[in-house]
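The values are calculated or read from the model by the stated rules, or taken from the named source; none is laboratory data. Worth saying up front: this structure is predicted, and the values here are computed from it rather than measured. Here the Cβ positions follow ideal geometry from the backbone for every residue, glycine too, while neighbour counts run over all protein chains shown.
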Amino acid sequence: MMQKIQKFGGAMFTPVLLFAFAGVVIGLGTLFTTEAIMGSLAAPTSMWYQCWNVILQGGWTVFNQLPLLFVVGLPIGMAKKQNARCCMEALVLYLTFHYFLSTILAQWGPTFGVDFAAEVGGTSGLTMIANIKTLDMGMIGALIISGIVIYLHNKFFDTELPEWLGTFSGSTFIFMIGFFVLIPVAVLSAFVWPKVQTVMLGFQAFVKGAGALGVWVFVFLERALIPFGLHHILYSPFWYDNVLVPGGLYAYWATKLPELAASSASLRSLVPEAGFSSTGFSKIFGCAGVALAFYKTAKPEKRKKTLGLLIPITLTAIFCGVTEPIEFTFLFIAPWLFIVHALLAATLSTTMYIAGIVGIHAGGVIEMASLNWIPLMSSHWKQYLLMLGIGLVFTGIWFVVFKFLIEKFDVKTPGREDDEEVTFHTKADYREKQNANKSGKVAATNDKLAFVEDILEGLGGYDNIVDVTNCATRLRVNVKDETLCKDDPYFKSIGAHGCSANGKSYQVIVGLKVPKVRDDFETLLSQIKATV
């Protein structure tokens, strides 16, 4: 079950990767079309405004079509074969489901407690999806339908029909089965989802009422669940669905930017819910403190090399919000130190919230600048200056706490190894090359193939692989026998950032190049399959 949950979380990340660029476009578009910032240049009748408005509306594509993106994105990570065809099947059947649901509610809405004549949005519980008026099931509904289609695809796609029915095989067969499966699903949704919407409204009130405590618990859990790959499950409904605000925090915040730019009041007083997207403060200020502690506690003769290794991964965390390389280093060495990190992260985010500083602060500097600082600096610069001050104080706290704990308990962080070279984030000094196939390994012809060959060897070889997916930085592989797999130092020695294991589920940390590594890895598996 844990393997399936982790695979699901990784698959959900596929459409999320689009948000960074979309956020930048919306941030810039909002900045240049806000009269409070640009003056008369941004008047709606000006050519400046109209040109930038074209760009801004294009930037909204991702956030306006989130359910469709998740419907299509989930099969990329979870379909076991013919992913592209599964994406098409999921899209068509998702639209079919909503046509079913729309017609059911239009004819028998009062039976289900739904006023289908009401305007979409607000508390009506209705929305428009691909020009279909239907229940607003958000990302959850999209994932449910996509998950059903993926199950049907994985189970029945290869079904062999009689030759005279050959035209109904493959994707057509999945569409046929899904068509009839989704009729009762639509009826059940009409019964259940309006009640779920009522519960969600109550939960929203509860979370809002929790205030600073709610923020602390949320951020702590988000950080603490990273090693298990379950943090996506926690934050996605808050950020991209309707748990807190209509459309999720990202989309909601973006719609509020003109109003926020025109006001100098505390950001928390304007959008208090945005305190739940503050997980990025630890990425900027916390990881910097951790890196300083690593450098300071490294052995004098290893500090220079340690610094060279720390600079790129720390900048990646600060600017891009990708923290796995640095966080997983001390997670592997001392898991309890990661809990300390999560406690500090939650405390920092809560302190920011108490100080009135909220917003889309889930990523790194690039995301924060595009959705916060650039469009809002002129009216909220004092709050952002306070944010910088609080953040730097916490950088110092991280440094002091980590330095003390590393030295007190002699934690073997990078540069403190007794008899090893600094292996963190390094390339291998060895490659065991073979010119012929042996134990399911194909001879390497270049460095990229050699890298994935070494990953395969570390995971027990071709016969030990169950399936492969990836998230933003990790190659996620389920294996048959975990005793055949190698440990974290091996994966660091071959050029990866490390490896996290949870039973039969392995996560090889390779960084932002993971999509290409996955392609190379799957190509290698295909080559091996062809030879056995």
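Is it true that some residue in the range 202-222 is assigned to a helix (DSSP H, G or I), crowded, with 21+ Cβ neighbours inside 10 Å, modelled with pLDDT under 80 and within 17 Å of the chain's Cα centre (by Cα)?
no
Out of the residues in the range 31-57 that are under 25 Å from TYR240 (Cβ atoms) and modelled with pLDDT under 75, state the one that is nearest to the chain's Cα centre (by Cα).
Here the residue is LEU31.
Report the residue count in the range 58-83 for those that are in contact (Cβ under 8 Å) with a residue 40 or more places away in the chain and within 20 Å of the chain's Cα centre (by Cα).
Let us first name the residues in the range 58-83 that are in contact (Cβ under 8 Å) with a residue 40 or more places away in the chain, namely 60, 62-64, 66-82.
Filter again for within 20 Å of the chain's Cα centre (by Cα), leaving 60, 62-64, 66-79.
Total meeting the criteria: 18.
Check ALA265 against each of (1) assigned to a helix (DSSP H, G or I); (2) over 24 Å from the mean Cα position of the chain (by Cα) and name the one condition it does not meet.
Status for ALA265: all satisfied but (1).
To keep it simple, each residue is scored yes or no on (1) over 19 Å from the mean Cα position of the chain (by Cα); (2) closer than 18 Å to LEU292 by Cβ; (3) crowded, with 23+ Cβ neighbours inside 10 Å.
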| site | (1), (2), (3) |
| --- | --- |
| THR329 | yes, yes, yes |
| ALA342 | no, no, no |
| GLY359 | no, no, yes |
| VAL365 | no, yes, no |
| SER370 | no, no, yes |
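Would you confirm whether any residue within the range 513-521 is under 10 Å from GLY458 (Cβ atoms), within 26 Å of the chain's Cα centre (by Cα) and at pLDDT 85 or above?
Going residue by residue through the range 513-521, those that are under 10 Å from GLY458 (Cβ atoms) are none.
Among the residues of the range 513-521, not one is under 10 Å from GLY458 (Cβ atoms), within 26 Å of the chain's Cα centre (by Cα) and at pLDDT 85 or above, which makes the answer no.
Hey, any hits in the range 100-119 for a residue that's more than 24 Å from the chain's Cα centre (by Cα), in the same structural domain as SER189 (by TED's automatic domain parsing), under 16 Å from ILE144 (Cα atoms) and modelled with pLDDT of 90 or more? Can you show your working first?
Narrowing the range 100-119 to residues more than 24 Å from the chain's Cα centre (by Cα): 100-119.
Of the ones still in play, those that are also in the same structural domain as SER189 (by TED's automatic domain parsing) are 100-119.
Restricting the remaining residues to those that are under 16 Å from ILE144 (Cα atoms) gives 100-101.
Okay, now just the ones that are also modelled with pLDDT of 90 or more, so 100-101.
Checked the range 100-119: at least one residue is more than 24 Å from the chain's Cα centre (by Cα), in the same structural domain as SER189 (by TED's automatic domain parsing), under 16 Å from ILE144 (Cα atoms) and modelled with pLDDT of 90 or more.
Does LEU41 satisfy the criteria of being over 23 Å from LEU18 (Cβ atoms) and not small (Gly, Ala, Ser)?
It is true that LEU41 is over 23 Å from LEU18 (Cβ atoms) and not small (Gly, Ala, Ser).
Residues that are part of a strand (DSSP E or B), assigned by TED's automatic domain parsing to the domain that holds ASN470 and either of a type in the set (Ser, Thr, Tyr) or out of contact with any Pro (no Cβ under 7 Å at 6 or more places or on another chain) (or both): does the range 507-526 have at least one? Spell out how you get there, then give the answer.
Our first condition is that a residue be part of a strand (DSSP E or B); within the range 507-526, this holds for 507-509.
This time we only want the ones that are assigned by TED's automatic domain parsing to the domain that holds ASN470, so: 507-509.
Then keep just the ones that are either of a type in the set (Ser, Thr, Tyr) or out of contact with any Pro (no Cβ under 7 Å at 6 or more places or on another chain) (or both); that gives 507-508.
Yes: one or more hits.
In the range 123-136, what residues are on the phi > 0 side of the Ramachandran plot and touching a residue at least 24 places away in the same chain (Cβ under 8 Å)?
If we filter the range 123-136 for residues that are on the phi > 0 side of the Ramachandran plot, which is where we start, we get 125, 130-131.
Hits for the range 123-136 are GLY125, ALA130.
Enumerate the pairs (first residue in the range 177-206 and of a type outside the set (Phe, Trp, Tyr); second residue anywhere and surrounded by fewer than 14 Cβ atoms within 10 Å (Cβ to Cβ) and modelled with pLDDT under 90) with beta-carbon separation below 7 Å, excluding pairs fewer than 6 apart on the same chain, so at least 6 apart or on different chains.
Correct list of pairs: PRO194/GLY113.
Among the numbered criteria (1) among the aromatic types (Phe, Trp, Tyr); (2) surrounded by 15 or more Cβ atoms within 10 Å (Cβ to Cβ); (3) within 24 Å of ILE183 (Cα to Cα), which single criterion is violated by TRP52?
Exception for TRP52: condition (3).
Output the residue which, of all residues in the range 471-489 that are at pLDDT 90 or above and part of a helix (DSSP H, G or I), is nearest to LEU456 (Cα to Cα).
The qualifying residue nearest to LEU456 (Cα to Cα) is LEU484.
Residues are listed down the side, and each one gets a yes or a no for (1) surrounded by fewer than 21 Cβ atoms within 10 Å (Cβ to Cβ); (2) closer than 21 Å to VAL62 by Cβ:
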| site | (1), (2) |
| --- | --- |
| LYS80 | yes, no |
| LEU95 | yes, yes |
| LEU101 | no, no |
| ALA106 | yes, no |
| ASP115 | yes, no |
| GLY121 | yes, yes |
| TYR151 | yes, no |
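Going through the range 135-160 one residue at a time, which ones are under 18 Å from GLY248 (Cβ atoms), touching a helix residue (DSSP H, G or I) at 6+ places or on another chain (Cβ under 6 Å) and at pLDDT 85 or above?
Across the range 135-160, the qualifying residues are LEU135, ALA142, SER146.
Looking at the range 16-23, can you tell me whether even one residue there is modelled with pLDDT of 90 or more and within 30 Å of PHE156 (Cα to Cα)?
Filtering the range 16-23 down to residues modelled with pLDDT of 90 or more leaves none.
Within the range 16-23, not a single residue is modelled with pLDDT of 90 or more and within 30 Å of PHE156 (Cα to Cα).
Assess whether ILE354 counts as being surrounded by fewer than 21 Cβ atoms within 10 Å (Cβ to Cβ) and in contact with a helix residue (DSSP H, G or I) (Cβ under 8 Å, 6 or more places away or on another chain).
Values: surrounded by fewer than 21 Cβ atoms within 10 Å (Cβ to Cβ): yes; in contact with a helix residue (DSSP H, G or I) (Cβ under 8 Å, 6 or more places away or on another chain): yes.
Yes: the conditions hold for ILE354.
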